[in-house]
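Below: one structure, written as structure tokens.
The values are calculated or read from the model by the stated rules, or taken from the named source; none is laboratory data. Worth saying up front: this structure is predicted, and the values here are computed from it rather than measured. Positions of Cβ are backbone-derived with ideal geometry, glycine not excepted, and every protein chain shown enters the neighbour counts.
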Amino acid sequence: MSAPLRRKRTKVLRPSGRALRTSTGLPAPPFRLSSTAYSRNTTSTRLRPSEEPTIAKVDWSATKNDSFVFRYSRDWSDSRTSQDHPLFVETTGTEMRFITAQHQHLFSSNLLNVVRVSANKTYRDNDLLPTVDIPTALFFSEDPHWGAINIIGTSTAGSIATIPAQYTQNIYQLSDTLTRNTGSHTWKYGFDWQNYHFDGFSYSRYGGEFRFRNLTEFLTLRRSATAQADRFTGNLPGTDTFRQMRQHYVALFAHDDWRVSDRLSVSAGLRYEFVTDPTELHGQIAGLLSLDDLESGPKGVTPGTPLFKNPSKRSFAPRLGVAWNPSGNNTMTVRGGWGIFYQPLTVSFYRGTTFRVYPYFAGVDIRQPAVFGPGNIAVLAAGVDPALVQKRSEFISYDLEQPYMQQWHVDFQKDLGLGMIGQIGYIGSKGSNLPFYGDPNSVPSEYLSDGTKHIVPGATLRYPSWGRIRTRINVARSIYHGLVLGVNKRVARGFMFQGSYTYGNARDTWSGGQLGNSDFDTGAGSATDWFDPEYEFGPSNFDVRHNFVVNAVYQLPWGQNLTGMAGGLAKGWNVSGLIQLSSGIPFTPYVGFDRAGDLQSDTEQQKPNQTGTVDYPKTPEQWFDPAAFTLPPVGVFGNAGRNSLRAPGVKIADMSVFKNVQMGQVVAQFRVEAFNVFNWVNLGIPSATVLFNSNGTRFAGAGRITSTSTSARQVQLGLKLLF
């Protein structure tokens, strides 16, 4: 018997509810926009992907003291995802390949060694392509790729921030664990070595992106008397982002499980881990030694130096656990534990920066460009001009702290009789020096005595010869508290079930982790103020306050005494099901334009003022009522908190019916599985969380939901052979 197989759920992308209209400032395109292009109630869905999984396993007991294990798996997929703008489709190809070999040798009855080697590969290519031919005469740069037109409040027409992209990561790993039993003590010693090879490219605003604050500004090409657009971000001719990164990770550990008595066990260990400085095979990395010297100081961008000063060489991580059986008859158990867990700064932390670090990446940022359209090619050909065309880059704060988490738990389990075990527990964690991401190139701000955050009067942009310079720094923090309740019924008369409820409260100053907003659907691409991480403190992007899960399996008792064909048809039937009920994740309301006047590129991250309690009509047309929010005064940042709103919850019910048929030494298992069996509609995240237009009027589509977070009912048939 087993629980129902979990399918790979298709993620429905959340559209912004935006639309594009054509400007008279460009030659007429060779296509016609249908009326659906103007609709804000559009959806973005993943078309049927192709997938080719392969799995191979070999287990071999060579002698009574030696055994070998070999595992191979490969999963390749290719998908096309429709966008909320109807003229573009996103293509994604992925490949994952895992090869693992293990040798286990028993030296004696109390000494065992296990050595493992592996070679794991992950590959990804990603692009956004038009569904019609767009003449190169319309392109904004010499890049052989259509760029993008971004009108705040409408759908972006063209490539997103980091595509086209293509990269391969190979991780070669060797680990060894020696286990020694000395009676009441079980010691484990070992090491883990990993070698990272990361090769590929990822562009930023390839083809160039023009941004307009509203549709009128786009149609008239009049941002001001001298500017046609609000902003242009792109690259100088010939920009290359291909990189080949190399890095090593090493961990050493020692651990002891000590059985103090029949009632008490203590587990203690120490782990030490570090990484080497990441290097690029052709030397194309540079460190920003001091942000204060970015404009002209001696410790500015320094080619040939590491991306950051390696903080990992003092990463000692102790762990401690205790298990106590107070009654002595195994009907009651109390467990507790605490440990430190470091987050190694490997490829996932610095990947984006390696593609876009100055001077090897020639990105540019033009504030209020005077030219829109193909005429911009001549502007880029003229190169960087601090007054007109600013340099654009990504950096990592050089003097980094090592990110780490403290985790602890206390758990109480009690035998309730009738084959059931009850559980109540507390889980907590605290994160320190976590990654934080934003653009430090802004006008300084300060707090007034009443707590209002506003722009410093008379202050100017910190680094005027630069445009966007998003920078990673490890200053974020997190805290989590969770209550866990559970019950588990062991198999009896063919029936078993498990149920659990978790109340959690996760808060932090940044949930983007290492990759920015790509980690979570509701994540912001950049912080509001890079110099003020505490302004972002609020519910984590993944904060689900309530989560209830129950699953059960029942072996039907039919035909247990039957033989022959009747027994073959009646016996071996199983029914299983799963139900999950979860509350919604949080999301943030935004002003939508640079109300405060901090002049940074990421103006969409500013928040409004919250003047009252938020009402939730809870309809697709208006999930929340934006009337509780108002525009803050000019020059002031709003008081609305990050992730102060809640999206709809999720209801999932899956069911499986399967039958086992014995055929000699082979068991054939026929399965019928239904996912979302009751066809519940789970609304997605509101597609428009921007509340205001750039002229101060309210955005009409605020709070509207245009997608679902789960798919409709799916039924699949399966055959599984066990031998």
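Listed values, structure above:
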| read-out | value |
| --- | --- |
| The stretch 298-330, residues that are among the hydrophobic types (A, V, I, L, M, F, W, C) and closer than 19 Å to residue 414 by Cα | 322, 323, 324 |
| Residue match in the stretch 165-177 (condition: of a type in the set (A, V, I, L, M), outside any strand (DSSP E or B) and under 29 Å from residue 88 (Cα atoms)) | no |
| Residue in the stretch 443-462 that is touching a Leu at 6+ places or on another chain (Cβ under 6 Å), touching a residue at least 24 places away in the same chain (Cβ under 8 Å), surrounded by 14 or more Cβ atoms within 10 Å (Cβ to Cβ) and of a type in the set (Gly, Ala, Ser) present | no |
| Unmet criterion (only one of (1) under 30 Å from residue 609 (Cα atoms); (2) charged (D, E, K, R); (3) not in a strand (DSSP E or B)) for residue 477 | (3) |
| Every pair of residues 6+ apart whose Cβ atoms lie under 9 Å, when the first sits in the stretch 108-120 and is in contact (Cβ under 8 Å) with a residue 12 or more places away in the chain while the second is outside any strand (DSSP E or B) and among the hydroxyl-bearing types (Ser, Thr, Tyr) | 110/182 |
| Residues that are surrounded by 19 or more Cβ atoms within 10 Å (Cβ to Cβ) and within 30 Å of residue 181 (Cβ to Cβ), drawn from the stretch 236-261 | 249, 251 |
| Odd one out for residue 615 among (1) touching a residue at least 24 places away in the same chain (Cβ under 8 Å); (2) farther than 24 Å from residue 677 by Cβ; (3) not hydroxyl-bearing (Ser, Thr, Tyr) | (1) |
| Single match in 157, 148, 137 (criterion: over 25 Å from residue 344 (Cβ atoms), at pLDDT below 90 and among the small types (Gly, Ala, Ser)) | 157 |
| Of all residues making up the stretch 386-416, the number that are hydroxyl-bearing (Ser, Thr, Tyr) and farther than 14 Å from residue 308 by Cα | 2 |
| Filtered residues of the stretch 658-693 (kept if touching a Pro at 6+ places or on another chain (Cβ under 9 Å) and either farther than 30 Å from residue 629 by Cα or in a strand (DSSP E or B) (or both)) | 658, 671, 673, 674, 675, 683, 690, 692 |
| Complete set of residues in the stretch 454-474 that are closer than 30 Å to residue 312 by Cα, assigned to a strand (DSSP E or B) and among the aliphatic types (A, V, I, L, M) | 473 |
| Any hit, the stretch 554-570, residues being buried (at least 17 other Cβ atoms within 10 Å of the Cβ), more than 26 Å from the chain's Cα centre (by Cα) and either over 30 Å from residue 442 (Cβ atoms) or at pLDDT 75 or above (or both) | yes |
| Residue satisfying all of: in the stretch 51-90; among the polar types (S, T, N, Q) and within 20 Å of residue 169 (Cβ to Cβ); surrounded by the fewest Cβ atoms within 10 Å (Cβ to Cβ) among these | 54 |
| Members of the stretch 215-235 found to be in a loop (DSSP other than H, G, I, E, B), surrounded by fewer than 20 Cβ atoms within 10 Å (Cβ to Cβ) and in contact (Cβ under 8 Å) with a residue 40 or more places away in the chain, listed by number | 221, 224, 226, 227 |
| Among (1) at positive phi; (2) in a strand (DSSP E or B), the one test that residue 451 misses | (2) |
| Qualifying position, being part of a loop (DSSP other than H, G, I, E, B), closer than 30 Å to residue 213 by Cβ and of a type in the set (A, V, I, L, M, F, W, C), among 702, 712 | 702 |
| Residue check, residue 81 touching a residue at least 60 places away in the same chain (Cβ under 8 Å), part of a strand (DSSP E or B) and either of a type outside the set (Lys, Arg) or in contact with a helix residue (DSSP H, G or I) (Cβ under 7 Å, 6 or more places away or on another chain) (or both) | yes |
